[in-house]
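The values are calculated or read from the model by the stated rules, or taken from the named source; none is laboratory data. This one's a predicted model, so the numbers in the text were calculated from it and none came from an experiment. We place every Cβ from the backbone using ideal geometry, glycine too, and count neighbours over all the protein chains shown. Protein only, heavy atoms only, side chains kept; ligands, DNA and RNA dropped before computing areas. Shrake-Rupley method; radii C 1.70, N 1.55, O 1.52, S 1.80 Å.
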Amino acid sequence: MYVMKDGNIALEIPVSEIDSVLFHEPEFIIPDFVLINGVKWATCNVGKRGTFVSNPEDYGNYYTGGEAKTVCPSGWRLPTAQEQELLISSGSIWTTQNGVNGRLFGANTNTIFLPAAGVRYIDGSLNYADMKGSYLNSKNDRSFVFDLNFGNDNASISYNYPTHGLSVRCVVDETITVSVTDITLKKNTHTLTVNENYTLTADVMPADATDKTITWTSSDNTIATVDNSGKITAIAKGTATITAKAGDITAACEITVTVEGVVINGVKWAIRNVDAPGIFTANPEGAGMLYQWNRKIGWSTTDPMVNSNSDTTWDYSMPTGTTWEKANDPSPAGYRIPTSDEIDKLLDTDKVTNEWIIQNGVNGYKFTDIVTGNSIFLPAASIRNKYGMLSEVGSRGNYWSSTQDDSDSAYDLFFSSGGTSKYSNDRDYGFAVRPVTEN
């Protein structure tokens with residue numbers, strides 16, 4: 001007679017020497033875990049902190065939400081709500097196992113039994129034992145803990161009071177990546193004007209994704225930029241696509257950047273003065289900064305005097321050049337200093353009316369297109385003379401053109417309460433700037 005093991009002869013005994021054969025069924029050993037839907041589940045509940053009970057039907061101990069975070073044995077942890085959802089989706093039936101009611105989750109041989117251990121209230125009383133089970137997961141907020149809750153009819157993710165004692169069934173503590181499945185942007189299209197900002201928000205799903213970090217990019221940074229928080233800044237006229245990416249999932253928003261302005265007698269004027277170079281004032285009544293002709297350094301409309309470079313020394317030299325050069329233009333992107341001819345069009349009383357008014361407490365001139373009714377307001381922004389001295393605050397406005405008169409002077413729009421006209425002034429004066437659009 002041969003005794004075989006793993007297909008090989010382990011022992012050879014003559015039959016004549018055998019008086020009896022005894023077959024022994026090996027003791028069933030509970031496995032460490034059962035793999036269900038990609039998650040390795042413990043086969044028994046937690047008993048004392050850091051230990052499992054001896055068989056699947058034992059209720060084990062009860063833990064509040066705060067206690068349960070550290071009760072699993074080493075190498076194990078609380079399941080996430082998503083992992084419990086995966087367990088539910090594997091299928092389950094209400095059953096009695098070795099005299100204990102509960103639900104059997106999984107399929108075929110990959111199953112685990114969760115006893116209906118009930119809930120232990122804050123007063124120590126045990127309720128719903130043998131009728132329902134409540135098994136903690138790692139999700140919680142200030143008011144509730146969340147759990148896998150089941151009875152004889154179904155199983156679902158529910159919530160419970162954090163002071164109640166619930167059962168714990170652990171999972172193997174592996175690095176489980178919960179992938180991003182979707183990104184939803186607050187908007188898919190949006191229109192901005194040059195220099196305007198808008199913060200785009202995104203919802204990443206599922207809520208418990210392992211890494212919900214969003215990377216923001218722009219298809220054209222010359223049109224619109226975006227920072228790490230989704231804040232978009234309009235740079236110049238055009239279209240750019242802002243893309244949000246989390247994991248392998250992306251979502252996009254098309255940004256259209258327009259040039260803010262009002263058309264009066266065929267010229268599209270900005271509705272606000274230039275403040276620091278490249279920036280408009282916050283509102284149409286803002287004076288902005290004062291500029292010497294063909295220079296990109298702004299000077300304050302208040303004293304003590306300071307310029308856009310935080311310097312306090314006035315530039316007494318005479319600006320040079322035959323036109324206001326683009327490199328020296330303080331206008332925001334998409335805008336430029338108006339020409340002398342464009343100022344003439346604004347002053348054409350056959351097509352444009354003008355009047356001295358007070359708008360939101362600020363003195364200035366209102367210019368209105370007779371045909372369309374479009375209007376702009378230019379505040380009496382004051383001036384700085386060739387010595388840098390500030391004067392006529394609220395009573396006078398001078399706005400540069402890009403056109404020279406001669407080597408020492410250039411044309412500008414002038415107004416006061418007594419009227420408005422085009423003048424020629426020394427280039428080293430500090431006047432306001434109201435741009436027009438480039439196109």
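Within segment 351-372, restricting attention to residues that are polar (S, T, N, Q) and closer than 17 Å to PHE414 by Cα, which residue is least open to solvent (accessible area, probe 1.4 Å)?
Filtering segment 351-372 for residues that are polar (S, T, N, Q) and closer than 17 Å to PHE414 by Cα, the one least open to solvent (accessible area, probe 1.4 Å) comes out as THR368.
Of all residues in segment 396-439, which are of a type in the set (S, T, N, Q) and either in a loop (DSSP other than H, G, I, E, B) or modelled with pLDDT under 95 (or both)?
SER407, SER417, THR437, ASN439
Condition test on THR313, is it among the β-branched types (Val, Ile, Thr) and more than 44 Å from the chain's Cα centre (by Cα)?
For THR313, the condition - among the β-branched types (Val, Ile, Thr) and more than 44 Å from the chain's Cα centre (by Cα) - is not met.
Within segment 172-194, how many residues are open to solvent by less than 60 Å² (accessible area, probe 1.4 Å), at pLDDT below 95 and touching a Phe, Trp or Tyr at 6+ places or on another chain (Cβ under 8 Å)?
Counting residues in segment 172-194 that are open to solvent by less than 60 Å² (accessible area, probe 1.4 Å), at pLDDT below 95 and touching a Phe, Trp or Tyr at 6+ places or on another chain (Cβ under 8 Å) gives 3.
Return yes or no: is ASP348 under 23 Å from MET389 (Cα atoms), open to solvent by less than 70 Å² (accessible area, probe 1.4 Å) and among the charged types (D, E, K, R)?
no
Kindly list, by first and then second residue, each pair from a residue in segment 206-224 that is within 30 Å of VAL259 (Cβ to Cβ) to a residue that is among the charged types (D, E, K, R) and open to solvent by 60 Å² or more (accessible area, probe 1.4 Å), limited to pairs with Cβ atoms under 9 Å and residues at least 6 apart or on different chains.
Qualifying pairs under 9 Å: ILE214/LYS245; THR215/LYS245; TRP216/ASP227; TRP216/LYS231; TRP216/LYS245; THR217/LYS245; ILE223/LYS237.
In segment 202-216, which residue that is of a type in the set (Val, Ile, Thr) and open to solvent by less than 70 Å² (accessible area, probe 1.4 Å) is nearest to the chain's Cα centre (by Cα)?
Going through the qualifying residues, I end up with ILE214.
Taking the condition closer than 21 Å to TRP324 by Cα and charged (D, E, K, R), does ASP405 pass?
It is true that ASP405 is closer than 21 Å to TRP324 by Cα and charged (D, E, K, R).
Only residues in segment 342-363 that are within 15 Å of SER395 (Cα to Cα) and touching a residue at least 24 places away in the same chain (Cβ under 8 Å) count as the first member; pair them with residues that are assigned to a loop (DSSP other than H, G, I, E, B) and open to solvent by 70 Å² or more (accessible area, probe 1.4 Å), Cβ under 9 angstrom, at least 6 apart or cross-chain, and list the lot.
Partner pairs satisfying both residue conditions: TRP356/SER417; TRP356/GLY418; ASN363/SER417.
Quickly run through segment 317-359 and pick out the residues that are small (Gly, Ala, Ser) and under 21 Å from ILE271 (Cβ atoms).
Selection gives SER331, ALA333, GLY334.
Given SER382, SER391, SER375, SER395, which one is small (Gly, Ala, Ser), surrounded by fewer than 16 Cβ atoms within 10 Å (Cβ to Cβ) and within 20 Å of PRO284 (Cβ to Cβ)?
That would be SER395, the only listed residue that is small (Gly, Ala, Ser), surrounded by fewer than 16 Cβ atoms within 10 Å (Cβ to Cβ) and within 20 Å of PRO284 (Cβ to Cβ).
Looking only at strands (runs of 3 or more DSSP E) that lie completely in segment 232-277, which have at least 3 residues being aliphatic (A, V, I, L, M) and surrounded by fewer than 20 Cβ atoms within 10 Å (Cβ to Cβ)?
249-258
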